[in-house]
Structures are given as structure tokens and as C-alpha cells.
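Visitor: Below you will find the structure I want to go over with you.
The values are calculated or read from the model by the stated rules, or taken from the named source; none is laboratory data. Computed from a prediction, not measured in an experiment: that's the story for all the values here. FYI the Cβ positions are ideal-geometry reconstructions off the backbone, even for glycines, and counts take in every protein chain you see.
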Amino acid sequence: MNATLERWSTRRAFILAVTGAAVGLGNIWRFPYITGENGGAAFLVLYVIFVLLLGLPAMMAEILVGRAGRRSPIQSLGYLAGQAGASRHWQLLGLFGAFTVFCILSFYSVVSGWSIEFFVTAVNGGFTGLGAAEVAAGFEGFLADPGRMTFNHSLFLFMTMTVVAAGVAKGLERLNNLLMPMLYLLLVLLAGYAATTDGFGPALAWLFQPDFSAITPLVVLHAMGHAFFTLAVGACALMAYGAYMPERQSLPRAAGAVAVLDVSVALLAGIAIFSVVFSQGMDPGEGPGLMFVTLPIAFAELPWGSVWLSLFFLLLLLATWTSSINLAEPMVATLQGRGLGRGKSAAVVGLSVWLLGLLSVLSFSTLAEWRPLFGMNAFDLVTTIPTEIFLPVGGLLIGIFAAWVMPQQEARAALGVSEPGFLLWRSVVRWVSIPLAAVVLAAGLL
Ligand code: PFF
Ligand code: NA
């Protein structure tokens, strides 16, 4: 065992850290727009099924490997493979995870930068009295301005790497603790307000009355990718957090709590956003701008709208911050594992991610028509391929490693539950999750 590693101070702190990683843009920004693009309720049903059958068991597998290895992801994989007499090449899975989070963080930072911009605008009352068309035009104007977008992207990445360089501080743990409930409360209020608009009925119908004829293999692939993304699973990022897990804690219970929180935040955001979409006669398939256009419109109608809107973007920013720290951790841990200092590692990672992020920034202006692969521009590529292919592939391999390759007595101990609980988890991973992920990947890609 590696005695130098820190531990989360309490079980609660561990759950909060994983919740911080899980709840972010995936719930409030990505879930509504991707559900809108993929036909609504049928997509939602698939996504919930994938969370239960794939995301949750894979989340346990991933954290379990970190907890059993008590090292950085690459080292844990190598160490446990060695214990089992398996190939050391399993370390490459950790490297693949680092590459995945590298791509994801590059656009995550750009979009979180949009929240900074919107927060500042809202604080200055910049949305007051604007109608739907004006809000939409304002957003278009912002996207067409690479300078402003680069500024916000840089700021967000700087905020992220500073915290990572310092180590995941107690301060952030506590801040998260205080603010996540506020974000939740605000979402409940917003959904409550949505219930009073005439878009509420259509929004519920859109979200909860599935039309299964809308399902294609590609829609299924999108839903699977989103389940991994929203739970932060498949890139070894939670593996890094698992290494700091307290000795006596039930992993399934912790993971279950995180999944419930994560899905309910997405549902609340979906209800709020689609009510506005339908009451304003907007298009649910609008794409990545969906949340940034609907929320200012909704809040404009409320008393104290600017105050609520500012608060909302502030809390969203904090939620994305706790996710981006988790995204950066596997890369920094990798460089550190190669002997680079933590501060230097954070600087190298920050700079590389910043550069890749510029491609996303420019995808809305100068490089909008540059489509290097599959007819997609750079932003479309980094928001889809890593999420929908790399995360499921990573999750699949992590599942194989945890349920077949690593020493099973260590897996049992790291899951932290009784024997029947362990066998249930392992059967689900072996006979449900792994085959399901393989089939969906094959069907979606071939
Ligand atoms: N779960 C985060 C969200 O929903 O915004 C995104 C994420 C974090 C994905 C960490 C992957 C990851 F490793
Ligand atoms: Na999420």
C-alpha cells in the first residue's frame, strides 16, 4: 500500500467529491440539448437504462480499482495487473483515460467560459427587458467573437489549474458542500416556476411520453455516451478519487447516491428548460446554445430576474469547476507519476488543454467550416467522439479489468460490501454491462 497518499477525511467528503465530479455541464447544459436533438422521451428512457445497467456498475468498477490500487490510475492498473500475473500493458488504459479527459476538458473549459460571460452580463443587468429574439441574437454575437470567448476560456482554465496545482484543497470540499444544495434548490424553484408556464404540459409530454420509433442505433450510442459522461465514468478520473477513499465505506451505496443526485439534477434542468422552449415556441433541437438562450428568457419574466439569473450562473460555474478539477486530475497524476512536480504538471496540462480549446473557440467563427473528420468541425468532434466512443470503450475495459483481470479478493475488499453484494455486482458487470456496451458500440459504429 502506498502510505503517502492522502485520504478524504470522511465518507461524506468522498461522496461530495464524486458528486462534484458528476454534476456539471453534463446535467444542465448537455442533457437538455442532447435530449432535444435525439427526440425527447425515448432518449431519456434509454439514458436512464444505461445509467442503471452500465454507468452505475462501471462507476463502482472504476472507483474500486483506484481504491484497491491506492495509486495514480496508471500505477494502480499496473500494480493490480502485476498482482494478478496479467500483462503490465493494462497501464495503457490509464493513458487512454488521460487522453480522453484531455479532449473533454478542452471544450468543457470553453463552455464553462460561456457561464462566466453570462454571469457577468447577468450581474450587470444585461438581460433585463430582452425578448427571446434579442437573447438569441446576443448569444450568436458572443459566439462570433473569439476574443471574448478566449478570455473566458483562459480564465476558467486558470481557475481549474490553480486548484489542481494546490492539491484538492479542503476549501473546495467545503465550498462544494455548501453550494451544491443551493444549486439544487434553485433548480427546484426554476422547475416550480416552469410549472406555471403554458410550456409545462408540452415539456412533460416531450420528456416523459416516449416515441420508440425515434430510436436508431446512433441514438442508442448517444444515450450510452451521455450516461458515461454525466457520471464522469470511463476516463479513470474517478479511479484517481477512489485511491483516496476512506477504509470503511460501502462503495455501492456511495455510487448509488451520486447517481440519484446526478439524474435528478438533469431532470429538473430538463423540465425547466423545455417548459421555456415550448412556451416561447422555440426549437428543442437547437443544439449547444439551448440552455444559454432559454434561461435568460425564463428569468427575464421573473421578479428579481437578474439576481436569480446571476446566482444560477454562479452556481453552475461552481458545479463545472468541481468537475473540471476531476477532469484535470488523471493527466496531472500521470505527469507526476513520471517524476514531474505537481505545479509543473498542472502548468503543462493547463497550457496543452488551453491550446486544444482554441480550436473549439474558433469553431464558432473562423474555423466554423473547417471539417477535418466525418463532416464535423472541431467543436462537434471534441464534444462527440471522446464522450460517445472513448468513454464507453474506457468504461468497458475498466469493467473487464475489475471483474475478470485483477485479483478478485482485492476487488471484493474494495467494493466494501458482503459476499452476495459482491457477486451480484460482478455478475451484472460480467454478463450485462460488458456485453451491452460491446453490442451498442458495435451497432452504433458499424
Ligand atoms: N460528469 C461531468 C458532467 O456531467 O458535467 C463531466 C465529466 C467529468 C466527464 C469527469 C468525465 C469525467 F471524467
Ligand atoms: Na453529470
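Visitor: Residue pairs, Cβ under 8 Å, 6 or more apart or interchain, first in segment 255-269 and touching a residue at least 12 places away in the same chain (Cβ under 8 Å), second within 12 Å of ligand 2 (Cβ to nearest atom) and not in a helix (DSSP H, G or I). List them.
Guide: LEU261/VAL23; ASP262/VAL23; VAL265/VAL23
Visitor: I would also like to ask the following. Which residues, counting only those in segment 212-244, are modelled with pLDDT under 90 and not in a helix (DSSP H, G or I)?
Guide: Selection gives TYR244 alone.
Visitor: Can you list residue pairs whose Cβ atoms sit under 6 Å apart, with the first residue in segment 226-238 being at negative phi and the second being part of a loop (DSSP other than H, G, I, E, B) and near ligand 2 (Cβ under 10 Å from one of its atoms)? Count only pairs 6 or more apart in sequence or on different chains.
Guide: Close Cβ pairs (under 6 Å, with a partner that is part of a loop (DSSP other than H, G, I, E, B) and near ligand 2 (Cβ under 10 Å from one of its atoms)) amount to LEU238/ALA232.
Visitor: Going through THR216, THR230 one at a time, which residue ends up being among the polar types (S, T, N, Q) and under 17 Å from the mean Cα position of the chain (by Cα)?
Guide: The match here is THR230.
Visitor: How many residues does segment 406-424 hold that are within 17 Å of LEU80 (Cβ to Cβ) and surrounded by 13 or more Cβ atoms within 10 Å (Cβ to Cβ)?
Guide: Of the residues in that region, 11 qualify.
Visitor: A further question follows. Which of the residues spanning segment 110-139 are among the acidic types (Asp, Glu) and free of Cβ contacts under 8 Å to residues at least 12 places away in the same chain?
Guide: GLU134
Visitor: Next question. Looking at ILE28, ILE74, ILE34, can you tell me which residue is farther than 30 Å from GLY201 by Cβ and assigned to a helix (DSSP H, G or I)?
Guide: Matching residue, one of ILE28, ILE74, ILE34: ILE74.
Visitor: Ok, one more. Kindly list the number of the only condition in (1) touching a residue at least 40 places away in the same chain (Cβ under 8 Å); (2) assigned to a helix (DSSP H, G or I); (3) farther than 28 Å from VAL163 by Cβ that fails for GLN409.
Guide: Condition (1) is where GLN409 drops out.
Visitor: Do you know which residues across segment 344-376 are small (Gly, Ala, Ser) and either without any contact (Cβ under 8 Å) to a residue 12 or more places away in the chain or surrounded by fewer than 15 Cβ atoms within 10 Å (Cβ to Cβ) (or both)?
Guide: SER352, SER365, ALA368, GLY375
Visitor: Checking ILE325 against (1) outside any helix (DSSP H, G or I); (2) within 24 Å of the chain's Cα centre (by Cα): exactly one of these is not met. Which one?
Guide: (1)
Visitor: May I ask you to say which residue of ALA68, ALA84 is surrounded by fewer than 20 Cβ atoms within 10 Å (Cβ to Cβ), touching a residue at least 12 places away in the same chain (Cβ under 8 Å) and away from ligand 1 (no atom under 16 Å from the Cβ)?
Guide: ALA84
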